[in-house]
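In what follows, a single structure is set out as structure tokens and then discussed.
The values are calculated or read from the model by the stated rules, or taken from the named source; none is laboratory data. Note that the structure is a prediction, hence the values are computed from the model and not measured. When we count neighbours, we look across all protein chains shown, and the Cβ atoms used for this are built from the backbone with ideal geometry, even at glycine.
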Amino acid sequence: MSTASPLTVTLLTRSIKEALETCFPYPVRVQGEISNFRPHYSGHAYFSLKDAYAQISAVMWKSRTGYLPFKLEDGLQVVCTGTVTVYEKTGRYQLNVLDMQPAGKGDLQAQFEALKRELWEAGLFDEAHKKPLPTYPGKVGIITSPTGAALQDILAVAKRRNPGIPLLIRPAQVQGENAAKDLVKAIQELNAHGGVDVIILGRGGGSLEDLWAFNDETLARTIFASAIPIVAAIGHEIDFTIADFVADQRAATPSAAAELVIPSREEMLGQLYFYQDKLASLLLQQVQQARSRLEQLSQHYLLRKPEFWLDPRYEKLWRQQSALEQAWQRQVAQKQQSLALLHSRLEGLDPRKVLNRGFVLLEQQGLPVTRASQLQAGPVKMIFQDGLRSAHLELEKDT
């Protein structure tokens with residue numbers, strides 16, 4: 001049994017690190033698939049590189065990740081250049097990545113991300129540039145393969161929703177070396193001579209390589225420059241191409257594009273009936289207003305007495321008659337006002353008003369007695385508010 005002093009964990013780990021770094025003194029290139037990718041808030045990237053039989057931890061510092069022309073994600077095949085080291089705190093060996101390049105499909109993905117970033121910075125994806133789709137298109141243009149399932153899906157939806165809307169099909173290559181050029185030409189032709197109100201640009205699903213024609217920069221700029229709104233319906237719902245981002249609207253599938261572009265016949269009829277009723281209501285309202293105006297005009301004196309149009313003296317006579325009637329009405333009103341004033345004054349002088357306040361009216365020999373000197377001995381009549389009384393008056397001699 002050895003009597004040597006035991007190594008500390010730190011010393012052992014450090015020795016392993018030195019041995020490993022001595023074995024790999026220069027950066028190595030490692031190809032593998034990214035997995036367990038964890039972006040850190042600091043900007044560093046932590047992930048694993050794996051193949052069918054093994055994996056290694058890896059880290060790429062913020063100073064390096066900022067220069068990558070593509071987005072890191074799980075499943076991406078890459079070639080990493082870096083140094084092999086040991087992270088002492090966990091005792092794990094790892095690859096300190098200095099540079100990274102996509103491998104295979106990753107190369108296409110990098111091109112996609114680079115073009116996407118370029119066009120985004122140029123403003124081709126801005127919502128402000130998106131053209132609205134027509135509510136009721138007079139004709140719909142379709143650019144797709146004449147033999148693909150996408151065309152049949154679009155035609156089936158169009159027949160079901162509204163068979164009366166004309167469709168203009170422009171056959172085009174949707175895959176292969178010359179596909180992008182043919183798609184550009186198709187869009188330009190429909191803009192120049194198609195007479196369509198909206199365009200569906202579509203194809204069925206496929207791999208990234210199959211859909212690559214729709215990631216062409218010239219095609220993207222042609223879609224952006226189109227005076228006719230374009231709906232992109234490329235692949236399946238999970239597939240995204242540059243054309244999807246530039247188009248005025250994206251549909252998940254060709255069938256969904258047809259649902260979006262072609263209005264339902266029932267909806268159109270409903271709208272037609274709505275506007276028909278609204279128009280009838282407006283016309284009825286205008287007729288009623290015109291009838292009311294006509295009735296007002298029919299009461300005009302020139303229509304009731306058309307002879308006024310023939311001789312201006314009739315009109316002069318009518319105006320003088322109207323003036324006399326107005327003057328007479330004013331005189332009558334003034335007299336009525338004067339009579340009302342006199343009536344009010346007479347009521348104020350009515351002796352019955354005085355009796356109502358508790359006074360008594362005396363009469364002798366049929367004449368009212370208003371002074372003491374008028375009183376004489378003899379019969380006197382006393383008039384109260386509620387009746388008459390007779391009395392015999394005897395005068396006392398003055399003392």
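For the range 107-164, a residue qualifies if it is of a type in the set (D, E, K, R), assigned to a helix (DSSP H, G or I) and more than 16 Å from I200 (Cβ to Cβ), and the qualifying residues are D107, E113, K116, R117, E118, E121, E127. With respect to (1) closer than 16 Å to A257 by Cβ; (2) touching a helix residue (DSSP H, G or I) at 6+ places or on another chain (Cβ under 8 Å); (3) of a type in the set (A, V, I, L, M, F, W, C), the lone exception for F125 is condition (1). Any residue at all in the range 183-194 that is of a type outside the set (V, I, T), in a loop (DSSP other than H, G, I, E, B), modelled with pLDDT of 90 or more and at negative phi? Checked against the condition, which is being of a type outside the set (V, I, T), in a loop (DSSP other than H, G, I, E, B), modelled with pLDDT of 90 or more and at negative phi, the range 183-194 yields no hits at all. Scan the range 225-258 for residues that are at pLDDT below 95, of a type in the set (D, E) and within 28 Å of A192 (Cβ to Cβ) and the total you get is 1. If you go through the range 80-104 and keep only what is at pLDDT 90 or above and small (G, A, S), you end up with just G82. If you go through the range 1-40 and keep only what is surrounded by 10 or more Cβ atoms within 10 Å (Cβ to Cβ) and small (G, A, S), you end up with S15, A19, G32, S35. Yes or no: A233 part of a strand (DSSP E or B) and hydrophobic (A, V, I, L, M, F, W, C)? Yes. Across the range 132-161, the qualifying residues are those that are touching a residue at least 24 places away in the same chain (Cβ under 8 Å), surrounded by fewer than 20 Cβ atoms within 10 Å (Cβ to Cβ) and among the polar types (S, T, N, Q), and the one among them that is nearest to L219 (Cα to Cα) is S145.
The single condition among (1) at pLDDT 90 or above; (2) over 47 Å from the mean Cα position of the chain (by Cα); (3) not charged (D, E, K, R) that A45 does not meet is (2). In the range 173-193, the residues that are more than 16 Å from S145 (Cβ to Cβ) form Cβ pairs under 7 Å with partners that are in a helix (DSSP H, G or I), at six or more places apart or across chains, as follows: Q188/T222. If you go through the range 214-244 and keep only what is over 17 Å from K185 (Cβ atoms) and within 22 Å of the chain's Cα centre (by Cα), you end up with P229, V231. Of all residues in the range 62-79, those being exposed (fewer than 15 other Cβ atoms within 10 Å of the Cβ) and either out of contact with any Gly (no Cβ under 9 Å at 6 or more places or on another chain) or under 12 Å from L95 (Cα atoms) (or both) number 6. Can you say whether A114 is out of contact with any Leu (no Cβ under 6 Å at 6 or more places or on another chain), loosely packed, with under 15 Cβ neighbours inside 10 Å and either more than 30 Å from T83 (Cα to Cα) or in the same structural domain as W212 (by TED's automatic domain parsing) (or both), as far as the supplied structure shows? For A114, the condition - out of contact with any Leu (no Cβ under 6 Å at 6 or more places or on another chain), loosely packed, with under 15 Cβ neighbours inside 10 Å and either more than 30 Å from T83 (Cα to Cα) or in the same structural domain as W212 (by TED's automatic domain parsing) (or both) - is not met.
Within the range 231-262, if we keep just the residues that are in contact with a strand residue (DSSP E or B) (Cβ under 6 Å, 6 or more places away or on another chain) and among the acidic types (D, E), the residue that is surrounded by the most Cβ atoms within 10 Å (Cβ to Cβ) turns out to be D244.
Taking the range 211-227 as the range and being buried (at least 21 other Cβ atoms within 10 Å of the Cβ) and in contact (Cβ under 8 Å) with a residue 60 or more places away in the chain as the test, the residues that pass are N215, A220.
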